[in-house]
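Data first, discussion second: the structure below is written as structure tokens.
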Amino acid sequence: MALRDRWREATGLDHDLDDAALAGQAAVATGLDPADEAAIALLDPQVEWTLPEHFPDAETWRGRERVVEGLRTMAASWDPLRLEVHELIDAGDRVVALVHIHGRAAVTGLDLAGMGVDGHLWTLRAGRVVAVRMYGGTGDALAEIGR
């Protein structure tokens, strides 16, 4: 399925954005499921994915294989893990996704219901995701794009 079609299907929205922005938005909207080969193909082989500072194992994953491994581990830690996209903000070669993460920790039972909206900053180049930085809250992600 074409990126534009995946984007429409995932969000119900039809934006007239360039393919790079659509690539990032399609990845955001699908939650970048590590089992979704089409979404994984959107990642640059040298992608860097930075977890929020408040995560217990906050770190930066480097390279497509490490990102996929990290996402699989993260998904397995939640029962289930789901991202709800509230807004996508196109900032040229970057996209900020304002998301609400839903899930219950498999080990502790911590439920994310009622938690706030977070900002995820996606950097795109030549239709590929080259960096993702996840923030707790929205302020820092919006500041990164001058908002």
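Quick one: net charge around Ala91, please, counting Lys, Arg +1 and Asp, Glu -1 for every other residue with C-beta under 11 Å from its C-beta. Spell out each step's value before the answer.
Values: positive: Arg94, Arg147; negative: Asp90, Asp93, Glu144.
Neighbour charge sum, excluding Ala91 itself: -1.
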Sort Asp118, Asp93 by Cβ crowding within 10 Å, fewest neighbours at the top. Asp93, Asp118
Per residue, what volume in Å³ does the convex hull of the Cα atoms of region 37-125 enclose? 109
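Values quoted throughout were computed directly from the atomic coordinates according to the rules given, and no laboratory measurement underlies them. Quick caveat, the model's predicted, so the values are computed rather than measured. Glycine also receives a Cβ, built like all others from the backbone with ideal geometry; neighbour counts cover every protein chain displayed.
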